[in-house]
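Asker: Following this message is one structure expressed as structure tokens.
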Amino acid sequence: MDWYRAQFPLSAEGQLLLTGEGTPYYLFHPWVSQRVHQDFPDVKLIILLRHPVERAISHYYWEVKLGYERLSLKAAIAQEPSRLQGETEKLLAHPLDYSFNHQHYSYLARGIYGDQLQTWFRYFPQKQCLILESHQFYRNPARTLNQVCQFLAIPSYRLPHFKTYNAGNYPAVDPGVRRQLTEYFKPHNLRLKMLLGEDFGWDRDSELKD
């Protein structure tokens, strides 16, 4: 914890400033919600959910770029169950273990948002969570920033422009693979809708692009 706190800026008086940090893997890792609650039970959580089909495709091409993935997209999806078999159980049984496959080859699993959110809701009430949809953020970042400011109870902040970070370009995906992904996520999207009481329209708009 001393190391963690040392990563954040302090005021002249040595007080921790209002600061945030994050990574997509926090939502998916089975221990993170409990660990965050143990040390920061009153933290406000901002969860940005991306269209699961686009998330899976982008994740795949990111792993290709890193040199970690050599299979085709279709083959990687087919191999995911065997690649992840027992990995979550291993992490749960051995809290300090690390699973490369769990982090890097979870193209489908990380788009099943209902499971992940329920894990976080065991420790944090929904009122501590601001759940945003990524394409709404892309379309109107100023409005989303204002939502975040309201959620954090801080003054609104206006930016003259919004830079795009970590944008990736990847080749067109085979329509059959895209349909396979769309069908796979439909029941999980329905469950998410029932959990949140909100429909992001992902099943009606499976061709979204960044």
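The values are calculated or read from the model by the stated rules, or taken from the named source; none is laboratory data. No experiment lies behind these values; they were computed from the predicted model shown. Neighbour counts are summed over all protein chains in view; Cβ atoms, including those assigned to glycine, are modelled from backbone coordinates with ideal geometry.
Asker: I'd like the residue in segment 61-71 that is assigned to a helix (DSSP H, G or I) and not hydroxyl-bearing (Ser, Thr, Tyr) and, out of all such residues, is surrounded by the most Cβ atoms within 10 Å (Cβ to Cβ).
Answerer: 63
Asker: Within segment 172-197, track down each residue that is without any contact (Cβ under 8 Å) to a residue 24 or more places away in the chain and in a loop (DSSP other than H, G, I, E, B).
Answerer: The answer is 172, 197.
Asker: Take the residues in segment 6-37 that are surrounded by 10 or more Cβ atoms within 10 Å (Cβ to Cβ) and farther than 25 Å from residue 121 by Cα, then tell me which one is modelled with the highest pLDDT.
Answerer: Restricting to residues being surrounded by 10 or more Cβ atoms within 10 Å (Cβ to Cβ) and farther than 25 Å from residue 121 by Cα, the top hit is 8.
Asker: Among the residues in segment 159-177, are any closer than 21 Å to residue 197 by Cβ and either in contact with a strand residue (DSSP E or B) (Cβ under 7 Å, 6 or more places away or on another chain) or loosely packed, with under 13 Cβ neighbours inside 10 Å (or both)?
Answerer: Our first condition is that a residue be closer than 21 Å to residue 197 by Cβ; within segment 159-177, this holds for none.
No, that holds for no residue.
Asker: Out of all the residues in segment 76-90, is one or more under 25 Å from residue 184 (Cβ atoms), buried (at least 18 other Cβ atoms within 10 Å of the Cβ), small (Gly, Ala, Ser) and at pLDDT 95 or above?
Answerer: Yes, the conditions are met somewhere in segment 76-90.
Asker: Also: Could you identify the single residue in 160, 175, 155, 171 that is touching a helix residue (DSSP H, G or I) at 6+ places or on another chain (Cβ under 7 Å) and either modelled with pLDDT under 95 or farther than 30 Å from residue 42 by Cα (or both)? Reasoning before the result, please.
Answerer: Details: 160 fails: touching a helix residue (DSSP H, G or I) at 6+ places or on another chain (Cβ under 7 Å); 175 fails: touching a helix residue (DSSP H, G or I) at 6+ places or on another chain (Cβ under 7 Å); 171 fails: touching a helix residue (DSSP H, G or I) at 6+ places or on another chain (Cβ under 7 Å).
Selected residue: 155, the only one of 160, 175, 155, 171 that is touching a helix residue (DSSP H, G or I) at 6+ places or on another chain (Cβ under 7 Å) and either modelled with pLDDT under 95 or farther than 30 Å from residue 42 by Cα (or both).
Asker: Okay, next question. Residues that are in contact with a Ser or Thr (Cβ under 7 Å, 6 or more places away or on another chain), more than 30 Å from residue 204 (Cβ to Cβ), touching a residue at least 24 places away in the same chain (Cβ under 8 Å) and surrounded by 13 or more Cβ atoms within 10 Å (Cβ to Cβ): does segment 39-60 have at least one?
Answerer: Looking for residues that are in contact with a Ser or Thr (Cβ under 7 Å, 6 or more places away or on another chain), more than 30 Å from residue 204 (Cβ to Cβ), touching a residue at least 24 places away in the same chain (Cβ under 8 Å) and surrounded by 13 or more Cβ atoms within 10 Å (Cβ to Cβ), one finds none in segment 39-60, hence no.
Asker: Next question. Which of the residues that make up segment 165-190 are under 17 Å from the mean Cα position of the chain (by Cα) and more than 21 Å from residue 137 (Cα to Cα)?
Answerer: So in segment 165-190, the residues under 17 Å from the mean Cα position of the chain (by Cα) come out as 165-168, 185, 188-189.
185, 188 - these are the residues of segment 165-190 that are under 17 Å from the mean Cα position of the chain (by Cα) and more than 21 Å from residue 137 (Cα to Cα).
Asker: Could you look through segment 138-158, keep only residues that are part of a helix (DSSP H, G or I) and among the polar types (S, T, N, Q), and pick out the one that is surrounded by the most Cβ atoms within 10 Å (Cβ to Cβ)?
Answerer: 144
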